[in-house]
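The values are calculated or read from the model by the stated rules, or taken from the named source; none is laboratory data. None of the values given here were measured: they were computed from a predicted structure. Positions of Cβ are generated from backbone atoms using ideal geometry, with glycine treated the same way; all protein chains shown enter the neighbour counts.
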């Protein structure tokens, strides 16, 4: 959500963005957000003296709404990461803050894709005059509650939910572009990757490997699209820590979840602690999944404050129970587990 004005405008147009935590709290990170995260992470220290560390998943581009509109929704154009900060914030100080956080060992970037958007279906909705999609487009928004998903079974945020060879080729190219943009921004290629919404087809995996990816992060269940399925249904595929696939990619599994912004009344602390206990009992690492909206204060400073308080409580409990805990980024976990 680019701004509070956009949020209020979409509510007035009848789009229920207030029913979606991402629309309510998630916005492009600011310098202040990054500075508060650095301060928070520095408040903790593991058994080896390392600060709390966050693997930060980066989408490397966003739609260029102006150019897409000029093409009458026929062609897709994007702005890369730095251009996105410049467009929405008028400067690149946020990226400078991110670079500083990486140097301070509290951030480590991981590739998440070129965009978090199923481009082909989004353009189709716009070209067909879908009212919700066009109203949101006019506010520089694409991720919103939509009747399109109910009709076609495709969520706009599912970048790799494909059902044709042409869409597959588009996604393969987007992965190549994303890896190159990541290298351009950070000076190295991401060894680990997390697919948007845990959805990706097997046919993409070779391209991921060729782009420098060596490990795929996800949940226990991967949602797998198959080309030619007219109903766009997804099939379940079970992956686990230590498993590899035919493209020589290894798996890193998220097994703990902490999302207070999505459901404030849920006892995330208790659930996360139970999952961490289970992981450690079986000699497994605990990989905590949190989405960006939990750390953002651009739309609600109180949101960021509340989440920091709850996450801090969890980390304190974990360190009290397991004083020898170590904080690792996803790439460090990959190297530890697979000896690469």
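Out of curiosity, is residue 34 in contact (Cβ under 8 Å) with a residue 40 or more places away in the chain and over 26 Å from residue 214 (Cα atoms)?
yes
Select from region 220-242 the residues that are buried (at least 16 other Cβ atoms within 10 Å of the Cβ) and in contact with a strand residue (DSSP E or B) (Cβ under 8 Å, 6 or more places away or on another chain) and write down the one among them that is farthest from residue 167 (Cα to Cα).
Filtering region 220-242 for residues that are buried (at least 16 other Cβ atoms within 10 Å of the Cβ) and in contact with a strand residue (DSSP E or B) (Cβ under 8 Å, 6 or more places away or on another chain), the one farthest from residue 167 (Cα to Cα) comes out as 241.
State which residue is surrounded by the fewest Cβ atoms within 10 Å (Cβ to Cβ) when the search covers only region 156-170 and only residues that are without any contact (Cβ under 8 Å) to a residue 60 or more places away in the chain and in contact with a strand residue (DSSP E or B) (Cβ under 7 Å, 6 or more places away or on another chain).
Top of the filtered list is 158.
Could you identify the single residue in 81, 48 that is surrounded by 14 or more Cβ atoms within 10 Å (Cβ to Cβ) and at pLDDT 95 or above?
81
Return yes or no: is residue 173 without any contact (Cβ under 8 Å) to a residue 60 or more places away in the chain and either within 15 Å of the chain's Cα centre (by Cα) or under 30 Å from residue 92 (Cα atoms) (or both)?
Yes; evaluated as a whole, the condition is true for this residue.
Say we look at region 74-104 and pick out the residues that are in contact with a helix residue (DSSP H, G or I) (Cβ under 9 Å, 6 or more places away or on another chain) and in a loop (DSSP other than H, G, I, E, B); which of these is nearest to residue 53 (Cα to Cα)?
Result: 104.
Of the residues 284, 237, which is part of a strand (DSSP E or B) and either modelled with pLDDT of 95 or more or touching a helix residue (DSSP H, G or I) at 6+ places or on another chain (Cβ under 9 Å) (or both)?
Working: 284 fails: part of a strand (DSSP E or B).
Sole residue among the options that is part of a strand (DSSP E or B) and either modelled with pLDDT of 95 or more or touching a helix residue (DSSP H, G or I) at 6+ places or on another chain (Cβ under 9 Å) (or both): 237.
Going by what's in this entry, would residue 58 be described as at pLDDT 95 or above, assigned to a helix (DSSP H, G or I) and under 21 Å from residue 110 (Cβ atoms)?
no
Among residues belonging to region 203-218 that are without any contact (Cβ under 8 Å) to a residue 40 or more places away in the chain and more than 13 Å from residue 178 (Cα to Cα), point out the one that is surrounded by the fewest Cβ atoms within 10 Å (Cβ to Cβ).
203
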